[in-house]
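Student: After the structure tokens below, expect a handful of questions from me.
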Amino acid sequence: MTAYDALFEPLTIKGVSIRNRFLSTSHAPGYATGGQITSRYIRYEAEKAKGGIGLNQFGGATAVSPENSSYYGQIDGSVDAVVPQYRRMAAAIHEHGSKCTVQLTHGGRRERWDIANWLPTYSSTTAREIVHGSFPVVMEDYDIRRVVRDFARAALRAREGDLDGVEVSCQAATLIEQFWSPALNQRTDGYGGSLANRMRLGLEILEAVRATVGDDYVVGIRMPGDEMLEGGLSRDDCVEIARSYAGSGLIDFISVVGGNATDYQAEARIWPTMWVPSAAYLPLARAIRAEVEGKVKIFHATRMTDAATAAFALESGAVDMVGMTRAFIADPHHVNKLRSGHEQDIRPCVGAGYCVDRVIKGLDAFCAHNVATGREETIPQVVAPARGSRKRIVIVGGGPAGMEAARIGALRGHDMVLFEAAPKLGGQLLLAAAGWKRDMAGIAAWLIGQVEALGVDIRMNVLADAGAVTAESPDEVIIATGGLPNVGSFAGAELAVTSWDILSGSVAPGQKVLVVDENGSVPGILAAEYAATRGASARVVTPDKELGRELGGTNLGAHMTELYKRDVEIVTDTRVVALRRSGNVIEAVMENTYNGRRTTALFDQVIGENGTLPNDQLYLDLKPGSSNLGEIDLRNLVELKPQTVNSNPAGRFRLYRVGDAWASRNLHAAMLDAARVAHVL
């Protein structure tokens with residue numbers, strides 16, 4: 001018996017036999033187009049089934065009514081055209097031995113009115129929803145009857161589409177939870193007031209769903225174990241709701257989450273990054289299971305990312321199935337690798353939150369460091385050996401892009417040499433792992449373990465020049481030297497230190513600190529947090545209309561909470577135009593971006609954060625000797641086709657640059673560059 005045997009035990013729910021206890025819970029990756037299930041979406045879900053999971057709960061927030069928008073790239077389950085799409089999805093998942101359900105959702109006020117059909121949102125209240133900005137219509141009796149019918153019809157489409165079941169969303173502050181929650185329901189009719197009244201809409205929906213799909217079809221709900229909302233549902237309230245719904249005989253499982261999604265901080269809690277501890281809401285699932293055991297099965301996700309935690313959740317009696325959704329985004333083959341004894345090869349989910357944050361912003365989901373997920377149609381999850389001859393490939397730079405290129409190149413069978421100037425591999429990931437973002441170091445650790453196990457020739461503490469590179473007689477050279485920190489272009493910029501100086505610990509934070517953030521992403525914010533945590537009085541200024549404009553809700557909510565917790569002053573619409581030395585302090589001249597009015601203030605330290613500038617001197621030195629003179633066919637790069645540019649036939653090697661050595665972007669972009677280059681070498 002191994003430590004993980006319990007995870008591989010089958011489970012039967014209402015006649016549906018699930019091969020193991022691994023679950024990918026309902027989520028919307030944003031791969032539907034116009035509400036239609038795309039081939040990309042099907043490949044994404046099929047890859048996880050192929051990777052060994054037991055139950056794919058796809059189609060998070062699938063629309064049931066015409067007023068539901070497609071803000072998150074959801075499936076439109078309110079029309080009959082979805083049935084053949086469901087059948088294609090089900091066939092692709094079933095082919096690999098997994099079962100599947102779809103989540104049916106009415107977002108209530110948690111929708112946009114100006115997308116899709118341009119209809120008002122509907123809720124139990126007229127109160128504006130902060131994240132989506134909608135003012136809803138208070139539902140009348142005929143609205144309630146219509147939505148009940150809509151859920152039932154949507155469930156029937158799922159059954160006709162060969163899906164194994166449906167999950168009705170009662171979570172994330174969507175419609176049913178809006179009726180449940182005393183913070184959101186001030187109705188005075190039979191759907192408001194007492195908890196029994198507030199539960200009525202959800203029960204009527206489930207009664208209609210069950211009557212439509214029959215008693216032999218799997219139906220479940222997803223609900224909070226505690227809203228964690230002032231004036232909202234307490235843990236005891238949620239246990240009572242679970243007890244009542246489980247006792248109704250209408251449902252077969254309850255998937256438990258924690259928190260709500262009524263504002264940005266709440267989003268950071270319900271879909272947590274590494275800001276929230278691992279499996280923090282497992283006690284909520286345990287409390288509900290203790291009340292309903294024997295009546296329904298209990299599922300739970302929320303930051304369970306490793307097999308040890310999953311096994312504990314199962315063996316301790318907290319749950320019947322373990323949701324590891326983002327772990328399967330990071331590595332869709334997680335289960336098969338675990339089963340085959342290759343746990344060390346599982347690409348880890350570190351809780352970066354990049355996947356969820358993109359969806360929250362209305363974009364498609366991508367893992368921060370597995371660039372194949374969501375791109376299965378062009379980038380394979382399993383690296384294929386090269387068909388041609390073995391090549392000698394030199395990579396300069398041991399950050400995430402350099403290591404990913406080395407990993408893929410080695411798996412393709414090439415002879416890989418990796419130069420790194422520093423004493424440690426990891427590049428900017430080592431800086432990103434500051435404060436509560438310490439788990440970012442897990443990405444570097446995994447890549448290091450992979451390139452070492454694959455036998456990449458790693459040469460540390462070598463500041464490689466053109467001579468060192470050409471001495472290796474390479475066929476291909478990949479420049480992954482990253483970028484150099486840029487404090488900005490204002491007068492007196494030489495008086496500023498960089499966010500790298502602060503986060504690396506090479507420069508101690510001052511007592512009165514100004515952070516000049518023209519990046520809009522994490523580094524400047526993290527530097528401000530770092531300084532404030534160490535006692536600094538900090539101010540952040542940005543010319544953007546909001547701080548952290550590049551961030552989605554889960555990271556933004558966490559960072560803003562930390563900044564305000566430490567009384568960091570935030571000034572938007574403001575640009576620093578000059579720094580001047582004034583005795584022992586620095587005078588900063590700041591200008592409002594709209595009225596041009598200038599103000600000054602004194603600080604003993606200024607931290608500049610304006611992205612990076614390409615560290616590309618080695619690239620420029622190598623260009624003349626390359627066969628492509630550094631030119632990349634961008635169409636071939638995007639379509640994962642070999643590079644064919646041969647503008648210098650006398651050149652001895654092909655030259656590429658990736659990541660910040662090319663342009664200042666982010667971790668995902670750097671690793672995508674590397675993968676696109678390395679997969680076709």
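Read-outs: derived from the displayed coordinates by stated rules, not from any lab. All figures in this text were calculated on a predicted structure; none of them were measured in a lab. We place every Cβ from the backbone using ideal geometry, glycine too, and count neighbours over all the protein chains shown.
Student: To the nearest 20 debye, what charge dipole does segment 5-360 have about its Cα centre, counting +1 at the Cβ of each Lys and Arg and -1 at the Cβ of each Asp and Glu?
Tutor: Details: 38 positive and 43 negative charges, 117 e Å.
The dipole of segment 5-360 has a size of about 560 debye.
Student: Give or take rounding to whole Å, what are the principal axis extents of the alpha carbon atoms in segment 1-127, in descending order?
Tutor: 56, 31, 23
Student: Amide H of residue 570: which non-local residues (sequence gap of 5 or more, or other chain) have their own amide H closer than 5 Å, using H built in the peptide plane?
Tutor: It is 540, by chain and number.
Student: Moving to a separate point now. Expressed as a whole percent, how much of the Cα-Cα distance distribution for segment 357-419 exceeds 18 Å?
Tutor: Taking all Cα-Cα pairs of segment 357-419, the fraction more than 18 Å apart is 49 percent.
Student: Write down Rg/Rh for segment 102-146, rounded to two decimals, with Rg from the C-alpha atoms and Rh from the Kirkwood relation over Cα pairs.
Tutor: Details: Rg = 10.6 Å, Rh = 11.0 Å.
In segment 102-146, Rg relative to Rh is 0.97.
Student: Would you please put 656-662, 158-164 in order of how densely packed they are, using the mean number of other Cβ atoms within 10 angstrom per residue and starting with the highest? Mind dumping the intermediate values first?
Tutor: Values: 656-662: 28.3, 158-164: 21.7.
Highest to lowest by the protection proxy: 656-662, 158-164.
Student: Turning to a different aspect of this structure: Kirkwood hydrodynamic radius for segment 537-674: how many Å is it when counted over pairs of different Cα atoms? Mind showing how you got there, number by number?
Tutor: Numbers: mean 1/r = 0.0527 Å⁻¹.
Taking the inverse mean of 1/r over all distinct Cα pairs, segment 537-674 comes out at 19.0 Å.
Student: Across segment 5-360, how many lysine pairs separated by 8 or more positions, or lying on different chains, have Cα atoms within less than 27 Å?
Tutor: Going through segment 5-360 pair by pair, I get 15.
Student: For segment 348-480, how big is the tail of P(r) above 19 Å, as a whole percent of Cα pairs? Don't skip to the end; give the middle numbers.
Tutor: Details: 4772 of 8778 pairs.
Roughly 54 percent, rounded to a whole number.
Student: Taking the square root of 5 times each eigenvalue of the Cα gyration tensor, what semi-axes in Å does the equivalent ellipsoid of segment 209-253 have, largest first?
Tutor: Numbers: eigenvalues 133, 18, 11 Å².
The answer is 26, 10, 7 Å, longest axis first.
Student: Continuing with this model, one more query. Quick one: dipole size for the chain, taken about the Cα centre, charges +1 on Lys/Arg Cβ and -1 on Asp/Glu Cβ, in debye to the nearest 20.
Tutor: Details: 70 positive and 79 negative charges, 148 e Å.
With only Lys, Arg, Asp and Glu charged at Cβ, the dipole is about 700 debye.
Student: Can you pull the three principal axis extents for the Cα set of segment 523-587, in Å, largest first?
Tutor: Taking the Cα atoms of segment 523-587, the three principal extents are 42, 26, 17 Å.
Student: Starting with the highest mean, order 342-352, 424-434 by the number of other Cβ atoms within 10 Å, averaged over the residues of each peptide.
Tutor: Working: 342-352: 19.7, 424-434: 21.5.
Descending mean neighbour count gives 424-434, 342-352.
Student: Once amide H atoms are built 1.01 Å from N in the peptide plane, which residues 5 or more positions from residue 107, or in another chain, come under 5 Å H to H?
Tutor: Close amide H contacts, sequence-distant or interchain: 175.
Student: Something else now. From the phi of every residue in segment 191-201, what ³J(HN,Hα) in whole Hz does the Karplus formula 6.51 cos²θ - 1.76 cosθ + 1.60 yield, where θ is phi - 60° and glycine or proline is x?
Tutor: Along segment 191-201, the couplings run 10, x, x, 5, 4, 4, 5, 5, 7, 4, 4 Hz.
Student: Counting pairs of alpha carbon atoms under 8 Å apart in space and at least six apart in sequence, what relative contact order in percent does segment 535-681 give?
Tutor: Numbers: 199 pairs, mean separation 23.5, N = 147.
Here the relative contact order equals 16 percent.
Student: Counting only other residues whose beta carbon sits under 10 Å from that of residue 26, what net charge do I get with K and R as +1, D and E as -1?
Tutor: Values: positive: 222; negative: 167.
Spelling it out: positives minus negatives among the neighbours equals 0.
Student: Which value in deg cm²/dmol, rounded to the nearest 500, describes the helix-derived mean residue ellipticity at 222 nm for the chain, given -39,500 (n - 2.57) per DSSP H run of n ≥ 4 and division by the residue count? Before the final figure, lay out the partial values.
Tutor: Details: 23 runs with 216 residues, N = 681.
Helices in the chain give a 222 nm mean residue ellipticity of -9000 deg cm²/dmol.
Student: Next question. Could you name the lysines in cross-link range of residue 437, using Cα to Cα under 23 Å and dropping any fewer than eight places away on the same chain?
Tutor: Hits, sequence-local ones excluded: 361, 424, 565.
Student: Compute and list, largest first, the equivalent-ellipsoid semi-axes of segment 487-610 from the alpha carbon gyration tensor, each √(5λ) rounded to a whole angstrom. Don't skip to the end; give the middle numbers.
Tutor: Working: eigenvalues 84, 62, 30 Å².
The three semi-axes for segment 487-610 are 20, 18, 12 Å.
Student: Could you work out the mean projected area of the convex hull around the alpha carbons of the chain, in square nanometres to one decimal? Intermediate results must be reported in sequence, preceding the final value.
Tutor: Working: hull surface 124.9 nm².
For the chain, the mean projected area of the Cα convex hull comes to 31.2 nm².
Student: Provide the packing ranking of 131-141, 506-516, i.e. peptides ordered by the mean count of other C-beta atoms within 10 Å per residue, highest first. Please list the in-between numbers first.
Tutor: Details: 131-141: 16.5, 506-516: 20.5.
Answer by packing, highest mean first, reads 506-516, 131-141.
Student: Run the numbers for residue 39 and residue 637: contour at 0.36 nm per residue of separation, minus the present Cα-Cα distance, in nm.
Tutor: On the way: separation 598, 0.36 × 598 = 215.28 nm, distance 2.14 nm.
Contour length minus Cα-Cα distance gives 213.1 nm.
Student: Let me check I have the definition right: for segment 61-220, take the eigenvalues of the Cα gyration tensor, multiply each by 5, take square roots. What are those semi-axes in whole Å, largest first? Spell out each step's value before the answer.
Tutor: Details: eigenvalues 149, 65, 31 Å².
In descending order, the three semi-axes are 27, 18, 12 Å.
Student: Moving on to the next point. Short version: ³J(HN,Hα) in whole Hz for each residue of segment 234-246, in order, from phi by Karplus 6.51 cos²θ - 1.76 cosθ + 1.60 (θ = phi - 60°), x for Gly and Pro, what are they?
Tutor: Per-residue couplings from phi come out as 7, 4, 5, 4, 5, 4, 5, 4, 4, 4, 5, 5, 5 Hz.
Student: Something else now. Starting at the first residue of segment 172-184, write each ³J(HN,Hα) from the Karplus equation 6.51 cos²θ - 1.76 cosθ + 1.60 with θ = phi - 60°, in whole Hz, x for Gly and Pro.
Tutor: Coupling constants for segment 172-184: 6, 6, 7, 3, 4, 5, 4, 6, 5, 7, x, 6, 10 Hz.
Student: Treating the angle as unsigned and between 0 and 90°, give the value, to the nearest 10°, between the Cα long axis of helix 400-411 and the longest Cα principal axis of the chain.
Tutor: 80 degrees
Student: Same structure again: Would you work out which of 66, 429, 653 lies farthest towards the positive end of the dipole of the chain? Charges go on Cβ: Lys and Arg +1, Asp and Glu -1.
Tutor: Value computed over the given set: 653.
Student: Which far-off residues, 5 or more places away or on another chain, put their amide H under 5 Å from the one on residue 97, with H placed in the peptide plane?
Tutor: HN-HN under 5 Å from residue 97: empty list.
Student: To check my understanding: the extent here is largest minus smallest coordinate of the Cα atoms along each principal axis. What are those three numbers for segment 5-360, in Å, largest first?
Tutor: Here the spans come out as 58, 41, 38 Å, largest first.
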